[in-house]
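The values are calculated or read from the model by the stated rules, or taken from the named source; none is laboratory data. Everything numeric here is computed off the predicted structure, so don't read it as measured data. Cβ atoms come from the backbone with ideal geometry, glycine included; neighbour counts cover every protein chain shown.
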Ligand SMILES: *Cc1c(COP(=O)(O)O)cnc(C)c1O
């Protein structure tokens, strides 16, 4: 089995320039994160607030922590001082809480809006229609402490690559529509977070700028 550092080097060599690797370290012990760090990895993705809060102080402070999992509103306060980007903003209520909490501690927080394009009901996010209509109604204009940096999505878990391709393509198309209609500030609305260990090459082909990879770097998770 290849080492963590070999895995990171290999993936980076296959990513086009302009696409950044988020090392998804959930359920992996801190020693493995340190090995990734030693290879030069600085972006780490975690999906549980409690785990993030425990791990963050154990890593050097030039690590950028991305929150990628479903975020409960009562956990926003805990993660707000730690995270540099929240990928998984999946409702207006969560957005309200994030904005309020950012205001409270005097920061502007970068976020991505999560689109629900997969077939599984359990995956969360705005539908494409919902997001377009909210944006066209100006619903996102009132947030003073949130910087809208782009979109995030997960594809259906399936071996059928045509389904995954179509879903990622629909995210890319929505991103372009939102930019063409100038519904978010063009200078910040630039990222598309999509692609995991099983499907990241398809995501990159469809315009991903951030890929979130765990298993292909660290091996199976240690639950
Ligand atoms: C766990 C997770 C990943 C990484 O998945 P792998 O298949 O291990 O690469 C990516 N995105 C999200 C939202 C996750 O929860």
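Structure notes:
- Among the residues of this structure, residue 87 does not count as one that is surrounded by fewer than 20 Cβ atoms within 10 Å (Cβ to Cβ) and within 15 Å of the ligand (Cβ to nearest atom).
- Scoring residue 163 on the criteria (1) under 28 Å from residue 139 (Cα atoms); (2) in contact (Cβ under 8 Å) with a residue 40 or more places away in the chain; (3) more than 16 Å from the ligand (Cβ to nearest atom) leaves a single failure, condition (1).
- Selection from the range 39-62 of residues that are more than 16 Å from the ligand (Cβ to nearest atom) and touching a helix residue (DSSP H, G or I) at 6+ places or on another chain (Cβ under 7 Å): 39, 53, 58, 59, 60
- Filter result for the condition that a residue is closer than 25 Å to residue 19 by Cβ and modelled with pLDDT of 95 or more, over 105, 98, 128, 92: 128
- Residues in the range 151-169 that are more than 13 Å from residue 126 (Cα to Cα) and touching a strand residue (DSSP E or B) at 6+ places or on another chain (Cβ under 9 Å): 2 in all.
- Some residue of the range 170-180 being modelled with pLDDT of 95 or more, within 16 Å of the ligand (Cβ to nearest atom) and in contact with a strand residue (DSSP E or B) (Cβ under 8 Å, 6 or more places away or on another chain): yes
- Pick from the range 65-80, criterion more than 16 Å from the ligand (Cβ to nearest atom) and touching a residue at least 12 places away in the same chain (Cβ under 8 Å), ranking: surrounded by the most Cβ atoms within 10 Å (Cβ to Cβ): 76
- Members of the range 174-197 that are touching a helix residue (DSSP H, G or I) at 6+ places or on another chain (Cβ under 8 Å) and surrounded by fewer than 18 Cβ atoms within 10 Å (Cβ to Cβ): 177, 181, 186, 197
- Within the range 10-33, the residues that satisfy the criterion of being assigned to a helix (DSSP H, G or I), touching a residue at least 12 places away in the same chain (Cβ under 8 Å) and loosely packed, with under 15 Cβ neighbours inside 10 Å are 14, 30.
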